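Single-structure report; data block below.
The values are calculated or read from the model by the stated rules, or taken from the named source; none is laboratory data. For clarity, every value in this text was computed on a predicted model and none was experimentally measured. Cβ placement follows ideal geometry from the backbone for every residue including glycine, while neighbour counts extend to all protein chains displayed.
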Amino acid sequence: MHSSTSHKHKVVVTRNLGPDIMPLLLDHPDLEVITWPEDRVCDRSWFLANLPGASGALVMLSEKINAEALDKAGRTLKVVSTMSVRYDHVDLDAIAQRGVKLGHTPDVLTDAVADLSVMLALMAGRNSKETTSIVQNGEWPNFNWAPFSFCGPQLSASSFSPTRTAGFIGFGRIAQATLARLIPFGFTHCLFTGNPTSNSSSSVASSIQAKYPTLKAVRRVGLDELARESDVVFVLAPGGDKTYHIVNEAFLKQMKKTAVLVNTSRGTLVDSDALIKALREGWLWGAGLDVVEGEPNIGLDHPLVREPRCVVLPHIGSATNESRLGMATLAAQNLIAGVLGEPLPAELKLTK
Ligand SMILES: O=CC(=O)O
């Protein structure tokens with residue numbers, strides 16, 4: 001027999017997670033599940049109105065978890081479980097002060113985002129925006145082929161460009177999975193920036209070097225050297241104040257004219273105005289962006305959307321069936337564990 005409703009823990013879930021995942025919550029004997037009923041981003045007013053008395057909340061990147069929301073939930077709240085790896089929508093100080101646990105979904109999306117990072121490097125280098133629009137607009141029959149039309153820099157090493165250098169701004173799980181995919185393309189050099197206070201970067205470099213003996217060099221470098229030397233720059237550091245506009249005009253000016261910039265982390269890391277200028281003036285070859293400052297308000301009139309060598313995707317890095325099922329499962333497990341006072345399978349440790 002299920003316990004009566006009054007003994008159940010109320011949990012607020014801001015999206016229906018579908019028939020594979022919802023039963024984990026709905027059939028759980030200790031939970032009373034309140035789910036946002038619509039197939040769109042949850043209204044703030046609905047969220048706040050349902051929080052009082054909740055023991056847990058399972059949220060998306062779209063929900064701001066700040067003092068307002070936490071205070072609405074009140075003292076009953078034990079856990080916030082976000083279905084995302086990143087947590088820049090969460091006020092970490094506010095949540096730590098209230099002793100609420102935070103669960104997130106690392107690892108399960110690493111491969112999906114690494115796949116997409118390589119895809120964007122290929123798309124930006126190979127003029128995919130202009131070339132697909134030729135076909136989509138029915139212009140292929142009139143297309144005047146020429147020996148060098150639509151050529152772009154090749155991702156793989158070749159006799160013309162035997163060294164290939166990948167530069168990573170941020171060198172965590174996703175960056176390292178991206179590097180793994182670039183080894184068969186013949187990449188020869190790996191540069192990365194890292195947390196300047198961490199002293200483990202030389203051991204990171206030597207373990208990567210040992211793993212991939214075909215790499216001629218693996219080094220942690222400063223941003224200037226990374227900009228100057230890389231054939232592809234992958235932006236894969238977390239968002240937040242410390243990384244705001246880390247790719248700015250000074251950085252872009254130093255890039256190779258044949259290099260490509262890929263951002264699959266957060267829009268705030270790349271100064272959009274500087275990137276527009278850089279693309280217009282040919283400081284770099286092209287850009288592949290899965291995230292843009294100010295998203296999702298990126299319309300047809302946005303200058304980056306209009307740039308022929310800038311491929312923009314609507315933040316779909318983790319959008320594989322496999323990854324989203326993994327994320328939703330882990331988010332549900334984090335929620336349940338937090339509500340029952342058990343260790344979370346993936347807890348972000350907060351310092352008070
Ligand atoms: O951007 C996606 C995530 O943080 O999970």
Practice prompt. Give the range 101-145 a look and list any residue that's within 16 Å of the ligand (Cβ to nearest atom) and acidic (Asp, Glu), or say none.
Written response: 107, 111, 115
Worksheet item: Which condition breaks for residue 214 when tested against (1) out of contact with any Asp or Glu (no Cβ under 7 Å at 6 or more places or on another chain); (2) closer than 22 Å to residue 113 by Cβ?
Response: (2)
Discussion item. Checking the structure you have, find out if any residue of the range 95-102 is touching a residue at least 40 places away in the same chain (Cβ under 8 Å), part of a helix (DSSP H, G or I), within 30 Å of residue 154 (Cβ to Cβ) and among the polar types (S, T, N, Q).
Written reply: no
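Which one of these is within 16 Å of the ligand (Cβ to nearest atom), under 30 Å from residue 92 (Cα atoms) and surrounded by fewer than 19 Cβ atoms within 10 Å (Cβ to Cβ): 240, 222? Explain how you work it out, then say what you get.
Details: 222 fails: within 16 Å of the ligand (Cβ to nearest atom).
Criteria check complete, one pass: 240.
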Item to complete: Kindly indicate the residue of the range 87-100 that is surrounded by fewer than 19 Cβ atoms within 10 Å (Cβ to Cβ) and within 13 Å of the ligand (Cβ to nearest atom) and also nearest to residue 264 (Cα to Cα) among those meeting that condition.
Response: 88
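Here is a yes/no grid of residues against (1) crowded, with 19+ Cβ neighbours inside 10 Å; (2) at pLDDT 95 or above:
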| residue | (1), (2) |
| --- | --- |
| 158 | no, yes |
| 170 | yes, yes |
| 179 | yes, yes |
| 195 | no, no |
| 199 | no, no |
| 208 | no, yes |
| 213 | no, yes |
Discussion item. Show the residue pairs meeting these rules: Cβ distance below 7 Å; 6+ apart or different chains; first residue within the range 307-327 and at pLDDT 95 or above; second residue surrounded by 15 or more Cβ atoms within 10 Å (Cβ to Cβ) and hydroxyl-bearing (Ser, Thr, Tyr).
Written reply: 311/128; 317/264; 324/318; 327/105; 327/318
Worksheet entry | Residue ID - nearest to the ligand (Cβ to nearest atom), chosen from residues in the range 315-325 that are surrounded by fewer than 19 Cβ atoms within 10 Å (Cβ to Cβ) and not β-branched (Val, Ile, Thr) | 315
Worksheet item: Which residues, taken from the range 43-86, are in contact (Cβ under 8 Å) with a residue 12 or more places away in the chain, more than 16 Å from the ligand (Cβ to nearest atom) and part of a loop (DSSP other than H, G, I, E, B)?
Response: 51, 52, 53, 54, 55, 66, 77, 78
